[in-house]
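Inspection log for the structure reproduced underneath, given as structure tokens.
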Amino acid sequence: MLGAWGQIILLERKCTRSIFNKIYTKATNIHRFSTHQVSNAVNFCLTDAATTPDIAFELIATTQPKVMYICGAKTWVDGCESDEAAALIVNAEAPRLLARIAHHQEIKVVYFSTDYVFDGQGGPYGEDAATAPLNVYGKTKLQGEERVLASNPNALIIRTTIIYGPDALGKNFVCQLVNALKNGQRFTCSTDQISTPTYNEDLADMVVQLVGKECSGIYNCVGTEILSRYDFAVKVAQYLRLDETLIDPITTEEEIQRCKLNGRARATRGLKLGLAMDKTLAALPHFKPRCIKDSLQHWMDCQDVNSLTK
Ligand SMILES: NC(=O)c1ccc[n+]([C@@H]2O[C@H](COP(=O)([O-])OP(=O)(O)OC[C@H]3O[C@@H](n4cnc5c(N)ncnc54)[C@H](OP(=O)(O)O)[C@@H]3O)[C@@H](O)[C@H]2O)c1
């Protein structure tokens, strides 16, 4: 698992107790890789691997994985704008190299992507919709998809969006929202950027099941509700009985003007994004994605509500 401290780490738990075990191997031998010096992960940098391919060969030779999950990415959407070359290496070139090596060794590759590969004029998008990224992050992730599939046609590309749920580092949108509201701080959310927020427990389940069924190509794995960031935030606040009046609506146009005034770089974002799940649900007919309320309830049942914040 590359990108061990990202938000998809939950995959690990799912892998150890899923149907995927029956098909592949006992997934008890999970190797985690991180750019951080952390006790339970081996240091591995995608940028280094892209420039020194021996690092990638060595990684695969020493771990002999059955499945390689490429969760690592440069995900700071605004930050990618100022360094496209670096984003391209991490989001596309290193995944291409890993996918090519994996193909020669019959290792399954799972590459995570995003609805930012679209321009946001007609979402939620199916897997076959025409792509047209508006920003560097989306562009480099699309290049990642294309390069991974070109070098490894058996690869599985998972497109997802706005991941929330149990998160040890408290990085995700809901954690940040809850943290702010609990501390009496105001929280600004756009009213016109629409998407399909994704509960990470469901995402991990779907991914592991798709791997178990040996699916390849592009699959959308998201939540079923289509709503703006603002409506999502209000829904969360209401369900968790937090003060929703602290949530300030903002339009994308107002956000752009505010960034200009503050001299902050801001990547262009599409408005009507989100992904449609017909293909994934057809492949997984027994899978029932949770609605947002059930996801929040499940999250609280798993963890004390205080652990929603860091
Ligand atoms: N979160 C979302 O809402 C969302 C939406 C759509 C798509 N995605 C996709 O899902 C995947 C995971 O996203 P995430 O939300 O978990 O992102 P994240 O929290 O930003 O984590 C990404 C991880 O990438 C790793 N990384 C960054 N640069 C690296 C490098 N040079 N070498 C190796 N690893 C590097 C880091 O891992 P370490 O810190 O362990 O080094 C980081 O934790 C990404 O491919 C992203 O594009 C996420």
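The sole residue among Gly138, Gly126 that is touching a strand residue (DSSP E or B) at 6+ places or on another chain (Cβ under 8 Å), of a type outside the set (Val, Ile, Thr) and more than 27 Å from Ala168 (Cα to Cα) is Gly126. Ala204 falls short on exactly one of the conditions (1) away from the ligand (no atom under 12 Å from the Cβ); (2) in a helix (DSSP H, G or I); (3) of a type outside the set (Lys, Arg); (4) within 17 Å of the chain's Cα centre (by Cα), and that condition is (1). Among the residues of the range 176-190, none qualifies, meaning not one is within 15 Å of the chain's Cα centre (by Cα) and either surrounded by fewer than 24 Cβ atoms within 10 Å (Cβ to Cβ) or basic (Lys, Arg) (or both).
Considering only residues of the range 99-121 that are in contact with a helix residue (DSSP H, G or I) (Cβ under 8 Å, 6 or more places away or on another chain) and farther than 23 Å from Val211 by Cα, which is surrounded by the most Cβ atoms within 10 Å (Cβ to Cβ)? Across the range 99-121, the extreme among qualifying residues is Tyr116. Tallying residues that are under 30 Å from Gln105 (Cα atoms) and either surrounded by fewer than 21 Cβ atoms within 10 Å (Cβ to Cβ) or more than 11 Å from the ligand (Cβ to nearest atom) (or both) within the range 149-174 yields 8. Taken over the range 80-112, the residue count meeting the criterion of being farther than 26 Å from Lys260 by Cα, away from the ligand (no atom under 13 Å from the Cβ) and either in a helix (DSSP H, G or I) or small (Gly, Ala, Ser) (or both) is 7. Checking each residue of the range 165-179 against the condition of being free of Cβ contacts under 8 Å to residues at least 24 places away in the same chain and part of a helix (DSSP H, G or I) gives at least one match.
Among the residues that make up the range 298-308, is at least one of them closer than 20 Å to Leu177 by Cα and buried (at least 20 other Cβ atoms within 10 Å of the Cβ)? There is at least one residue in the range 298-308 that is closer than 20 Å to Leu177 by Cα and buried (at least 20 other Cβ atoms within 10 Å of the Cβ).
Each row is one residue, and each column tells you yes or no for (1) closer than 26 Å to Thr140 by Cα; (2) touching a Cys at 6+ places or on another chain (Cβ under 7 Å).
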position	(1), (2)
Ile218	yes, no
Glu225	no, yes
Phe232	no, no
Val236	no, no
Leu246	no, no
Ile256	yes, no
Leu275	yes, no
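For the range 122-137, taking the residues that are under 16 Å from Val222 (Cβ atoms) and within 15 Å of the ligand (Cβ to nearest atom), the one that is surrounded by the fewest Cβ atoms within 10 Å (Cβ to Cβ) is identified as Glu127.
For the range 249-282, taking the residues that are among the small types (Gly, Ala, Ser) and surrounded by 15 or more Cβ atoms within 10 Å (Cβ to Cβ), the one that is farthest from Glu81 (Cα to Cα) is identified as Ala276.
Table: residues versus (1) in contact with a strand residue (DSSP E or B) (Cβ under 7 Å, 6 or more places away or on another chain); (2) more than 8 Å from the ligand (Cβ to nearest atom); (3) modelled with pLDDT under 95.
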{"residue": "Ala41", "(1), (2), (3)": "yes, no, yes"}
{"residue": "Thr51", "(1), (2), (3)": "no, yes, yes"}
{"residue": "Ala56", "(1), (2), (3)": "no, yes, yes"}
{"residue": "Lys66", "(1), (2), (3)": "yes, yes, yes"}
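Quick grid of which residues meet (1) touching a residue at least 60 places away in the same chain (Cβ under 8 Å); (2) in a helix (DSSP H, G or I); (3) farther than 21 Å from Ala155 by Cβ:
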position	(1), (2), (3)
Thr47	no, yes, no
Ala50	no, yes, no
Ala56	no, yes, no
Leu59	no, yes, no
Thr62	no, yes, yes
Pro65	no, no, no
Tyr69	yes, no, no
Lys74	yes, no, no
Asp78	yes, yes, yes
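The values are calculated or read from the model by the stated rules, or taken from the named source; none is laboratory data. Because the structure is a prediction, the values reported are computed rather than measured. Don't worry about glycine lacking a Cβ; one is built from the backbone with ideal geometry, like all the others, and counts go over all protein chains shown.
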